[in-house]
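Reading through the structure tokens given below for one structure.
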Amino acid sequence: MWKLLQQYLRLQAIGGIGIIRMSGKDCFKILEKIFITKNYNIEKIKGYSIKYGFIINSKTGEKIDEVLVSFFKNPKSYTREDMCEINSHGGMVVERKILEECIRNGAVLAEPGEFTKRAFLNGRIDLSQAESIIDIINSKTDKEAKASVRQLQGALSNTINAIRKDLLDVMADIEVQIDYPEYDIDEIKDKNTKKILENIRDKVACLEKSFNNGKILKEGIKTAIIGRPNAGKSSLLNAILREDRAIVSDIEGTTRDTIEEMINVNGIPLKLVDTAGIRKTDDEIEGIGVKKALNVAEDAELILAIFDSTKELNEEDFKIIELIKNKNAIILLNKVDKNNNILENKIKINKKIIKISAKNGEGIEEVFTEIERIFNFNQIETDGEVIITNIRHKTQISSALVNINEAIKALEIDLPIDIISISIKQSLEDLGKITGENVSEDIINEIFSKFCLGK
């Protein structure tokens, strides 16, 4: 555990403004040695205030930079400790000199996620709220950011705590019967415990199910673009991204490895993977690319299967059609701008078929509309419901669900109540690990190691 007397700070990358943050019992004492301003009295400075002045060399008195210093007094700060932020010019030389002065006068460098970890340990936020901060930072779309902000505001914590309270109420009744068996009152059945547990189970199951949408929000939909050589895969990628990301050539086999890019489709990230053209080849390198393309298609959540509408179907095309039969897929008939569509009504498969021109962008919006329909984007609401986006949370919720079901089964076959209590206690522990009430220090350290410095 860290000593509270140690101070932690952050040196940001080069920019217009640099921020060095200190938090801890002695941060103001360190600041007094290096900061000069008019009417400077730490005891009289109010929290949430800013002072103008200069950072100086504490040995020579030489001015290093003109700065603004923000003051936050405990417990009304991000860490619930005394805290200050030195807002300097963003030059690396200036920031390094200020950093050196802080360290020379008693501060030590922060670890990744140090400030948020202190906020958690000091009780300002729980563990799920702390994790939401890194999710906000890493958000790729508005919907993902909204879901993370709701978690930061306590939406998930409140839901978990309400479920745990219901479980604790059941547990209290069980403990009474265990402790006072002489009364011979079947409190468990009299209070409809099974019905209560089933209601709790439904709430937990609903949370678990929300991870399906949460995973889409956080990781995106892995989308493979497949087709035979020169069908227009790379042109399609460029058309969707509206930039020349992939090399386009009339020479077959130009794309030999996958190219991955992210795009935002109405608030949902799409992870596009352009692949090598699928065909038989004697070229060893191209063969590796073809094999990789097939593996990507197999793992993809969505396939955009593109066909050259000016050419007859061949063996490779039929192999692609077979590949996508049981997958989420959209058939794209490319090169309709050439007015030579000989594939009209020739592809017999129960998939949406869209005519496009990757060259001029025709049909791309229709592709987006179909993707939205397949994955029900409109049903992914982030304003009013709790959505699980974190795999750690999902794992604990799934474990809690298993234990609640075990308790219900134990009730149904009339097992002793102390056996029932074991499953309920385990589910309480599972849910408590989400908010950090009973989580190991190793897990805490692992979580905060993923944070950036200074957060």
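No value in this document is a laboratory result; all are computed from the given coordinates. These numbers were taken from a predicted model, which means no experiment stands behind them. Neighbour counts run over all protein chains shown; Cβ positions are idealised from the backbone, glycine included.
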Item to check | Estimated FRET transfer efficiency (Ala162, Lys59; beta-carbon r; R0 51 Å; 0.05) | outcome: 0.35
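Can you put His89, His393 in order, fewest other beta carbons within 10 Å first? The partial results should precede the final answer.
Numbers: His89 15, His393 24.
Least to most surrounded, the residues fall as His89, His393.
Starting from the alpha-carbon convex hull of the chain, give the projected area averaged over all orientations, in nm². Don't jump to the answer; show the numbers that get you there.
Numbers: hull surface 124.9 nm².
For the chain, averaging the hull's shadow over all directions gives 31.2 nm².
May I ask for the Rg/Rh ratio of the stretch 17-110, computed from Cα atoms with Rh as the Kirkwood radius, given to two decimals?
With Rg and the Kirkwood Rh in hand, the quotient comes to 0.93.
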Next on the checklist: If I require 27 Å or longer along the helix axis, counting alpha carbons, and a Kyte-Doolittle average no lower than -0.5, what helices from the chain are left? Use full DSSP H segments.
Outcome noted: 155-179, 391-412, 417-435
Checklist entry - Sorting Tyr78, Tyr40, Tyr52 on the 10 Å Cβ count, fewest up front, what's the list? => result Tyr52, Tyr40, Tyr78
Checklist outcome for this item: The farthest towards the positive end of the charge dipole of the chain, of the residues Ile34, Asn350, Ala224, given +1 on Cβ of Lys and Arg and -1 on Cβ of Asp and Glu, is Ile34
